[in-house]
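The structure under discussion appears below in the form of structure tokens.
The values are calculated or read from the model by the stated rules, or taken from the named source; none is laboratory data. Predicted, not measured: the structure shown is a model, and the values here were computed from it. Cβ coordinates were reconstructed from backbone atoms using ideal geometry, including for glycine residues, and neighbour counts include every protein chain displayed. For accessibility, only protein heavy atoms count, side chains too; no ligands or nucleic acids. Shrake-Rupley method; radii C 1.70, N 1.55, O 1.52, S 1.80 Å.
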Amino acid sequence: MAGRTAVRAGAALVAAGLLAALAGAPLVELARIAAERGWRAAFDALGSAQNLGALRNTLIVGCAVTAVAVACGAAAALAVERRPLRERRLLRLAVAAPLLTPEFVLGFSWSRAYGPAGFTDRYLHVQLPGLLGPTGIIVALSAHALPLAYLVVAASLATRPVGQLERAAHASGAGTLTVLRTITLPLLRTPLLAAAALVFVTCVNSFAIPEVLGTPAGFSTMSTLVYDDLNLSADPDAFRQLAAVALTMAALVLVVIGAADVVLGGPQTAEAAGRVTSTPSAVARRSRTATWTPRVLVTAFALFAAAIPLVVLAADAITRAPGLSPAPSHWTLANFSAAMAGETVPALARSLALAAAAAVLIPAMSLAVVATGPRVRGPLGTAVTLAYAIPGSALAVGVLIAYGRWFVGSALIILIAYAGKLWALGHRPVAAAAARLDPALTRAARASGAGPLTAWRAATLPGLAPALAAGGALVLIFASHELTMSSILYGPGTQTLAVVVLNQQQLGQTGPTSALALVLGIPPLLAGLALAHGRRTAAAANATSRRPTTAAIPVTAGTA
């Protein structure tokens with residue numbers, strides 16, 4: 001007993017120390033610099049027209065995207081999750097396509113497909129109105145965030161008796177709108193609020209799409225303002241003002257998450273347990289009477305949001321010069337050759353090395369959290385999730401202040417930021433797997449004479465291995481194309497591939513940028529699809545062995 005207590009205490013000390021170093025210290029240093037001349041001066045700096053405009057734009061974009069993405073994502077979940085199983089799987093992948101596409105690639109491909117002098121403008125004389133500006137940012141971010149709302153609502157539909165109560169209401173003579181108002185929406189209130197908080201925080205975090213679609217129109221959000229101020233000004237007063245803006249971003253998302261937690265009242269028991277209260281057969285019977293409308297709408301969404309822009313991007317990448325038609329006579333690989341010159345290949349290798357290091361480090365950090373025991377694991381897991389919610393721009397500036405004196409000009413400072421920001425992605429699958437482990441296995445190992453570490457290694461670790469691999473894969477995917485923090489923390493010789501692509505785009509080199517965007521975007525998209533397929537196969541195997549709760553792993557990881 002004493003040995004187990006010592007192990008848990010040591011694990012808790014390690015996990016708390018990592019949280020303090022990776023999230024606490026950067027925020028404290030951010031606050032210190034922002035208030036270096038007093039909090040009144042910090043508030044006065046925030047009151048400038050530029051800063052207030054960026055704050056207003058961030059709130060407008062966040063609220064608009066939240067309304068659109070949650071409404072459309074919930075509608076998609078209600079339609080898709082009642083389709084037959086095989087069709088449901090395909091439609092889920094179609095909905096997820098914009099989320100699996102890196103944010104910069106999505107924004108840049110939209111500008112090439114639907115913007116001025118883009119594909120639809122050149123050949124159909126039609127362009128998306130206001131694409132370069134707030135309208136385009138809202139539409140593109142809505143497409144990018146819609147799958148997040150879909151995942152949250154779909155997870156709730158799997159754990160609540162929505163379908164059964166709806167059928168009972170219909171049998172009692174209630175109409176469709178009445179059932180939606182009195183049955184469906186009240187049952188989904190909690191997941192809808194959770195989805196709204198998640199989408200809003202994602203919008204505040206967003207940098208690439210506002211940078212690509214907003215900067216050309218002079219429209220700035222708080223994330224792009226931090227990036228521009230850091231790159232264009234070396235004045236100490238400007239840096240203090242930048243720190244105040246970054247601290248405001250962090251405070252904004254933490255307030256939203258705190259308010260959501262108070263309103264939601266914590267996780268629901270059924271959801272936490274992953275209990276499926278609606279039977280697959282009932283869902284299937286409902287799906288057979290459904291129309292073809294969901295299939296058409298989801299397919300159109302996937303084509304408009306991801307497929308067409310990526311095809312246009314590929315056409316730009318193999319076309320000899322901008323403005324030429326993508327006819328075979330104009331095809332060339334020169335853009336790829338130009339794109340791979342200079343710093344690109346070292347940056348690609350550096351991105352892969354950083355992503356691999358984070359994919360190994362973060363699951364190991366997650367083991368420290370789950371080894372603390374059930375009582376401490378929950379609060380530590382919440383703190384890890386809050387660290388993920390801190391905007392990347394704010395965390396990067398805080399890391400720069402806290403650790404720049406030792407690691408500036410080194411890729412290690414980027415890895416520190418990755419570890420703090422992406423920890424939740426690796427932790428959530430491991431925490432979900434740890435919650436399902438049978439403690440009797442560890443007790444049996446201890447009763448057989450094994451010490452605490454031996455019992456944990458022999459009885460617990462094998463059950464966590466698949467979740468550790470899944471968490472590492474998620475971290476690898478997201479770290480390989482991370483841009484927000486890398487664009488702030490890189491120095492000479494430490495560029496990542498995403499930073500090189502952004503620099504190419506800012507220089508106006510369309511062909512090489514399109515080629516690099518494909519290199520940046522296609523592997524994460526394919527890896528995400530492969531990971532989803534692997535999890536689906538694992539879920540089917542678990543269902544066969546009568547362990548249905550393991551199906552909750554994909555949803556937990558996807559909504560981290």
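For the reader, a short list of remarks on this structure follows.
Yes/no matrix, rows are residues, columns are (1) surrounded by fewer than 16 Cβ atoms within 10 Å (Cβ to Cβ); (2) modelled with pLDDT under 80; (3) not hydrophobic (A, V, I, L, M, F, W, C):
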residue	(1), (2), (3)
L188	no, yes, no
V201	no, no, no
N205	no, no, yes
P210	no, no, yes
A259	yes, yes, no
A272	yes, yes, no
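- Condition met for V345 (under 14 Å from A517 (Cβ atoms) and within 27 Å of the chain's Cα centre (by Cα)): no
- Selection count, the range 117-134, where residues are within 29 Å of the chain's Cα centre (by Cα), assigned to a loop (DSSP other than H, G, I, E, B) and closer than 18 Å to T319 by Cβ: 1
- Residues satisfying the stated conditions in the range 463-488, i.e. open to solvent by less than 10 Å² (accessible area, probe 1.4 Å) and within 22 Å of A394 (Cα to Cα): V475, A479, M485, S486, S487
- If the condition is being outside any helix (DSSP H, G or I) and not acidic (D, E), then the range 339-369 contributes M340, A341, G342.
- Test: residue in the range 352-361 that is of a type in the set (V, I, T), open to solvent by 60 Å² or more (accessible area, probe 1.4 Å) and either out of contact with any Asp or Glu (no Cβ under 9 Å at 6 or more places or on another chain) or over 19 Å from L520 (Cβ atoms) (or both): yes
- Close pairs from the range 34-54: first surrounded by 17 or more Cβ atoms within 10 Å (Cβ to Cβ), partner part of a loop (DSSP other than H, G, I, E, B), Cβ under 6 Å, at least 6 apart: A42/A35; A54/S220; A54/T221
- Per this entry, A424 is not counted among residues that are crowded, with 17+ Cβ neighbours inside 10 Å, at pLDDT below 75 and part of a helix (DSSP H, G or I).
- Helices (runs of 4 or more DSSP H) within the range 442-502 that include 2 or more residues closer than 29 Å to R8 by Cβ and at pLDDT below 90: 452-455, 461-480
- Tally of residues being open to solvent by 10 Å² or more (accessible area, probe 1.4 Å), touching a helix residue (DSSP H, G or I) at 6+ places or on another chain (Cβ under 7 Å) and among the polar types (S, T, N, Q) across the range 109-141: 3
- Identity of the residue in the range 489-503, under 14 Å from F104 (Cα atoms) and touching a residue at least 60 places away in the same chain (Cβ under 8 Å), that ends up surrounded by the fewest Cβ atoms within 10 Å (Cβ to Cβ): V499
One line per residue, one yes/no per condition, for (1) closer than 19 Å to I401 by Cβ; (2) open to solvent by less than 30 Å² (accessible area, probe 1.4 Å); (3) modelled with pLDDT of 90 or more:
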residue	(1), (2), (3)
R4	no, no, no
A9	no, no, no
G17	no, no, yes
A31	yes, yes, no
T58	no, yes, yes
T66	no, yes, yes
V80	no, yes, no
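- Scope the range 82-108; condition open to solvent by less than 30 Å² (accessible area, probe 1.4 Å) and charged (D, E, K, R); matching residues: R83
- Within the range 375-413, the residues that satisfy the criterion of being touching a residue at least 60 places away in the same chain (Cβ under 8 Å) and farther than 21 Å from L247 by Cβ are V376, L380, G409, S410, A411.
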